[in-house]
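What follows draws every value from the coordinates through simple rules; no lab data is involved. Worth saying up front: this structure is predicted, and the values here are computed from it rather than measured. Here Cβ is always computed from backbone atoms with ideal geometry, including for glycine, and neighbour counts include all displayed protein chains.
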């Protein structure tokens, strides 16, 4: 042996292998282990799926009661035929894992504050936020309740879990999903807790905005004073077209919430500086989280049978939140969009009826200010005595770093999310407990389980009566001809403005005085006008006996647009409904543009501004792909808003909530000269709406000219809609999609948000259904099925959904592959 | 002349044997990606060559193996994933560059492993 050369060579080899086997830091992110990642037998190359992959398979397992056949159609949608319900959920779990395992892992990691475990201290602030918000706590409540009292749901979730784990168990490490390799970690076993955590995340996504909004509204109120606040953030919407038509008579409320006698001074008008959370938190749930759904009765359709439509508006991500599936067992046959992470179909139809959901937007999350006795935070003041706190310990594992331990004080309100250990310099000394209906055990899984099996209106009512959080508008259409919509959830019986701001936490009179009984939740069945609809607007007019929450939680204009169109339609076909779901008419601009023109002083405008105004007035009011008019309108409107209330809000050192667009528009339509229009910075002059509209257009013109130079005046180029991979990596995303729509539009597609699943179901004898989501059935970026539906979705097209009995499906030309599950 | 031909056959045989063994051990995905380092060392000990020759035979074995495997995979994948990875890494989205990088990484490690193996032999 030549010792020196040998040792040198060996050391060099080992060092190189070590470097290639290490994640290198590149800025804030880490590289994959390059040698591993590039190895064609271990790394990412293994995830490059053959474009003509044969998905046929035969799987033998001793975890099934009987055999199960799965047929995959040409869009890779599985049609599961099982003899036992639990077997069907086992297979659903298996397939979710087969096609979406990384996403399932990642989403539940976010929900449970476990990102740092894989990504390091960089993600700690996000993890701490979700831990302190009580995400794990809430999921634990649900799991405990289901394990104790609900054997049917327990066995359903257990079967689903076993299916996911059966896939993980047989998974060759070389075949684990791409993102695990990229981020250098491995899949872990699924548990029922993860299913509940995932559903908890949906509660956060759809009701958790209050966790940010309540603090912001409080600070805005404090900054402006309640008088001005109430003008700019009024809860009254002149043009409201509620879900339950105006004029409906509501029964006497069984709870009459009583406002504390001193609330005006001690709560509403209280303006001492309060907590503001400036710590880095995850992005608050999107303010446009919402949806459309409607059903038209046979009286309005060409066939005489109802048609139901549902399109939930959520963040647009890949892999998609949704995964299409058909589940057929002796008890039911159901098709629709499922959540990878949860059993059953969430939005879909069965052989008797169809259902869909939109978000109710009701406020079910409040903050209470807590006074602790001392720095140990072991007692807090409530109703004149010191009350004991229990501490909830949450351990956050951090990659390459020591564990971080959260000791969260638990009060009778809920977790004290903000305390001495979690806040920013501006919130020093403020402690805030959070009360949220999502912290209470929930039977959400059972609602969908029952809806999957529902045969008629009564079954639907029973199924949704179990639903607590997030509150939803459940729409229904049955083959027998019924249509209905009901807003369902555990809704707090509130007095006006209760919980809009942080409430005193030492006084029981500020507590929730009850949950509104299900029978009193807004419901309508087979109305005379021949349709039911919802688009996240307020569910009722102001005669409903309970307070719904701040108006900013209830977008106005999409609902107006849906109803306006539906009223005018007859002889409706599924194609008409597709056209309506993808409709780009801007009902807001239809009202706002003439209002702007009324106040505009054209003679004061520059030539460029005049040209922009012409572009805007010539616009056909559709937010179409190539439209320039909408871009001009949007920027003009934003500038006018800024001119009107930018001065009022500008002096604050912390970000304040922007008032809703309807507030300004309603004022313009009332033709009053509104005091807010005055620029408070000019002492010698009183500006009018005329002045501000003219100024706004002039300011907008500067931005528009810049856009014009960049060639970005066309709406889809300006809006640049994208479907983002969950890691936000552009390479794994679809960017700059040619699609119209926007805020206030039925086709509610904004930059990274919009119709995440579009479904149209015609309730004929053999159900005729259409649908798609912007993604693909495979979550693997290396699969041709990764983004299959994106272009079709952007173009406003639909797929005919295959919903057939087994013998017919086997014969169908679109059926491609067969996966057999056999008992051992 | 005769001697040179022998060396060339030996050289090529070494490449083939090393590549084959590296591929075979790579099938066991439970083993680490660098398992071919061991097989290359063994081959270099078993088939004596001059250090530099040994380096090149080891480098070519793994480099060609990784190039072939990734090319075959990439071809039947229509470059779907390689284009994305070549954007992340970043290699300007070029799948060809990515295949070359893959091959070079394998070649360098493979070559060094074989070099180490050849030094491990007693000098002849």
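Quick notes
- Difference of contour (0.36 nm per residue) and Cα-Cα distance, residue A:191 to residue A:611: 145.1 nm
- Inter-chain shielding of B:84-96 (mean C-beta neighbours from other protein chains, 10 Å cut-off): 4
- Divide the volume of the convex hull around the Cα atoms of the protein assembly as shown by the residue count and you get 202 Å³ per residue.
- Histogram of C-alpha separations across region A:423-571, 5 Å bin width, %: 1, 8, 14, 18, 17, 15, 11, 7, 4, 3, 1, 1, 0
- Mean residue ellipticity, 222 nm, helices only, chain B: the sum of -39500 (n - 2.57) across DSSP H runs of n ≥ 4, divided by residue count and rounded to 500, is -27000 deg cm²/dmol.
- Scaled against the 2.2 N^0.38 Å expected of a compact globular protein of N residues, the Cα radius of gyration of region A:587-719 reads 1.05.
- Put the Cα centre of region A:183-259 next to the Cα centre of region B:31-109 and the gap is 54 Å.
- Rg/Rh (Cα only; Kirkwood hydrodynamic radius) as it applies to region A:246-358: 1.14
- Rg/Rh ratio calculated on Cα atoms of region A:14-93 (Kirkwood radius): 1.22
- The ellipsoid that matches the Cα gyration tensor of region A:554-636 has semi-axes, each √(5λ) in whole angstrom, of 30, 14, 10, with the longest given first.
- Within 10 Å of the Cβ of each residue in B:104-113, the mean number of Cβ atoms contributed by other protein chains is 4.
- Potential extension, residue A:183-residue A:506 segment - 0.36 nm per residue separation minus Cα distance: 111.7 nm
- The P(r) of region A:649-705 has a tail past 14 Å containing 67 percent of all C-alpha pairs.
- Here is the P(r) of region A:333-489: all C-alpha pair distances, binned every 5 Å from 0, give 2, 8, 13, 14, 11, 9, 10, 9, 9, 7, 4, 2, 0 in whole percents.
- Working note: Cα gyration tensor of region B:40-89, eigenvalues times five, square-rooted, sorted largest first, giving semi-axes of 32, 11, 7 Å.
- All C-alpha to C-alpha distances of region A:69-108, sorted into 10 Å bins beginning at zero, yield P(r) values of 29, 47, 24, 1 percent in whole numbers.
- Put in line by how crowded their Cβ is, counting other Cβ atoms within 10 Å and starting with the fewest, A:733, A:570 read A:570, A:733.
- Cα Rg over Rh - region A:140-211, Kirkwood: 1.07
- The alpha-carbon positions of region A:698-809 define a convex hull whose volume is 134 Å³ per residue.
- 27 Å tail of the calculated P(r), chain B, as % of Cα pairs: 25 percent
- Counting neighbouring Cβ atoms within 10 Å and putting the fewest first, the residues A:413, A:674, A:381 line up as A:381, A:674, A:413.
- Residues A:770, A:160, sorted so that the one with the fewest Cβ neighbours within 10 Å comes first: A:770, A:160
- For region A:713-778 and region A:98-176, distance of Cα centres in Å: 27 Å
- The percentage of C-alpha pairs in region A:135-290 whose separation is greater than 23 Å is 67%.
- Residue mean of other protein chain beta carbons inside 10 Å, A:48-56: 4
- Theoretical gain in end-to-end length, residue A:455 to residue A:299 [0.36 nm per residue, Cα-Cα removed]: 54.0 nm
- Computed over chain B with a Gaussian network model linking Cα atoms closer than 10 Å, the most mobile of B:64, B:31, B:20 is B:31.
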